[in-house]
């Protein structure tokens, strides 16, 4: 097939730069145009010197990217992707949004948690929320793809087999997640300043993180009824990686063996989900710089609890890698195309 012309709007953010790195190795896609408001007119390799002789491409404006490309990746803060999606729709270009604008089914929930209303509500009937392992059948033919958030990805994959197969109660779900500092984006804040994060570990936005409604949306889909969770994220003093520990109550009569068999069966043919042997713990080190999600199962049978530990690289499976996985599905390519790299151990 002909090369897919791809563009990246917001190419100088962390997720945008990760997209560049991955797409440089994609055998079917070629980076045709990139944009950045802050660095327009400069070469991408001036902003990220690691791209010298690899991506010496000049950063242009967003409209130029849309005109030049078949697929546009938008890696922007929430509230900025809807106008771009409108332009892509008019020009019959696929938009894959790595931000939050197309993740929520409910505009009221978006307004409540993101403190702004949709600027183009009519666009959302063309959008598909696309966590591949759960919604791949909806990706093909979508005009706008809402790429999942990083925390929701690790959590949904941790919970999906147990909730979808009715092995656990849907009340009282507690989620304890930890993320590397790149999850906060490239813009410096006091909370992500090196002296404040190094040798530190703390929770933040406990019970009020913006990913909560996205998590509940997916778990409600899986359960077929409304699910509420208690979600507490933490900031790890590492560059990348997410670990989510999810605490679920087993239904009466459900055994360890049933749970283990269910998870193994669910993920046995999933390229990017790996089950740890019983007794081992999922570790962010083992998924670093990869599109894998590793999951380990643990049991507290005294209290009838299932504890699921899930790890991903927040920049790859939690952002850029998953976006490319969705593009591959849309074009009918093997899902691993261009993102089949082994995790980086050191």
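Only one of the numbered conditions (1) in contact with a helix residue (DSSP H, G or I) (Cβ under 9 Å, 6 or more places away or on another chain); (2) under 26 Å from residue 75 (Cα atoms); (3) at pLDDT 90 or above is not met by residue 182, and that is (3). For segment 228-267, filtering for residues that are buried (at least 18 other Cβ atoms within 10 Å of the Cβ), more than 20 Å from residue 293 (Cβ to Cβ) and in contact with a helix residue (DSSP H, G or I) (Cβ under 8 Å, 6 or more places away or on another chain) leaves 2. Could you check segment 278-289 and list, in sequence order, the residues that are surrounded by fewer than 21 Cβ atoms within 10 Å (Cβ to Cβ) and either on the phi > 0 side of the Ramachandran plot or free of Cβ contacts under 8 Å to residues at least 60 places away in the same chain (or both)? Within segment 278-289, 278, 279, 280, 281, 283, 286, 289 qualify. Answer with yes or no whether residue 34 is farther than 30 Å from residue 216 by Cβ, touching a residue at least 40 places away in the same chain (Cβ under 8 Å), in contact with a strand residue (DSSP E or B) (Cβ under 9 Å, 6 or more places away or on another chain) and surrounded by 17 or more Cβ atoms within 10 Å (Cβ to Cβ). No. Listed by position, the strands (runs of 3 or more DSSP E) inside segment 72-162 whose residues that are modelled with pLDDT under 95, touching a helix residue (DSSP H, G or I) at 6+ places or on another chain (Cβ under 9 Å) and in the same structural domain as residue 23 (by TED's automatic domain parsing) number at least 1 form an empty set. Inspect segment 207-217 for any residue being more than 20 Å from residue 113 (Cα to Cα) and crowded, with 18+ Cβ neighbours inside 10 Å and give the result as yes or no. No: zero hits.
Restricting the search to segment 188-202, which residues are surrounded by 14 or more Cβ atoms within 10 Å (Cβ to Cβ) and either touching a residue at least 12 places away in the same chain (Cβ under 8 Å) or in contact with a strand residue (DSSP E or B) (Cβ under 9 Å, 6 or more places away or on another chain) (or both)?
Within segment 188-202, 192, 197 meet the criteria.
Scoring residue 177 on the criteria (1) out of contact with any helix residue (DSSP H, G or I) (no Cβ under 8 Å at 6 or more places or on another chain); (2) under 26 Å from residue 303 (Cα atoms); (3) not in a helix (DSSP H, G or I) leaves a single failure, condition (1).
Considering 326, 314, the condition of being over 30 Å from residue 258 (Cβ atoms), part of a loop (DSSP other than H, G, I, E, B) and in contact with a helix residue (DSSP H, G or I) (Cβ under 6 Å, 6 or more places away or on another chain) is satisfied by 314 alone. Please tell me if residue 238 is part of a strand (DSSP E or B) and free of Cβ contacts under 8 Å to residues at least 60 places away in the same chain. Judged against the criteria, residue 238 is not a match.
Would you confirm whether or not segment 222-234 contains a residue that is modelled with pLDDT of 95 or more, outside the structural domain of residue 74 (by TED's automatic domain parsing) and in a helix (DSSP H, G or I)? Within segment 222-234, one or more residues are modelled with pLDDT of 95 or more, outside the structural domain of residue 74 (by TED's automatic domain parsing) and in a helix (DSSP H, G or I). Of all the listed residues (91, 53), the sole one being surrounded by fewer than 16 Cβ atoms within 10 Å (Cβ to Cβ) and more than 23 Å from residue 122 (Cβ to Cβ) is 53. Residues of segment 115-127 being surrounded by fewer than 18 Cβ atoms within 10 Å (Cβ to Cβ) and either in contact (Cβ under 8 Å) with a residue 60 or more places away in the chain or in contact with a strand residue (DSSP E or B) (Cβ under 7 Å, 6 or more places away or on another chain) (or both), which ones? Matches in segment 115-127: 126 only. Quick check on my filter: what residues within segment 241-287 are closer than 30 Å to residue 184 by Cβ and either part of a loop (DSSP other than H, G, I, E, B) or in the same structural domain as residue 15 (by TED's automatic domain parsing) (or both)? Result: 241, 270, 271, 272, 276, 280, 281, 282, 283.
Each row is one residue, and each column tells you yes or no for (1) touching a strand residue (DSSP E or B) at 6+ places or on another chain (Cβ under 8 Å); (2) at pLDDT below 95; (3) farther than 30 Å from residue 12 by Cβ.
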site	(1), (2), (3)
258	no, no, yes
262	no, no, yes
265	no, no, yes
270	no, no, yes
276	yes, no, yes
327	yes, no, no
338	yes, no, no
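Go through segment 37-56 and count every residue that is part of a loop (DSSP other than H, G, I, E, B) and out of contact with any strand residue (DSSP E or B) (no Cβ under 7 Å at 6 or more places or on another chain). Qualifying residue count, segment 37-56: 6. Only one entry of 301, 315, 275, 327 meets the criterion of being closer than 19 Å to residue 242 by Cβ and touching a residue at least 40 places away in the same chain (Cβ under 8 Å), and that entry is 315.
The values are calculated or read from the model by the stated rules, or taken from the named source; none is laboratory data. Just so we're clear, the structure is a prediction, and the values are computed from it rather than from any experiment. Please note: Cβ atoms are built from the backbone with ideal geometry, for glycine as well, and neighbour counts cover all protein chains shown.
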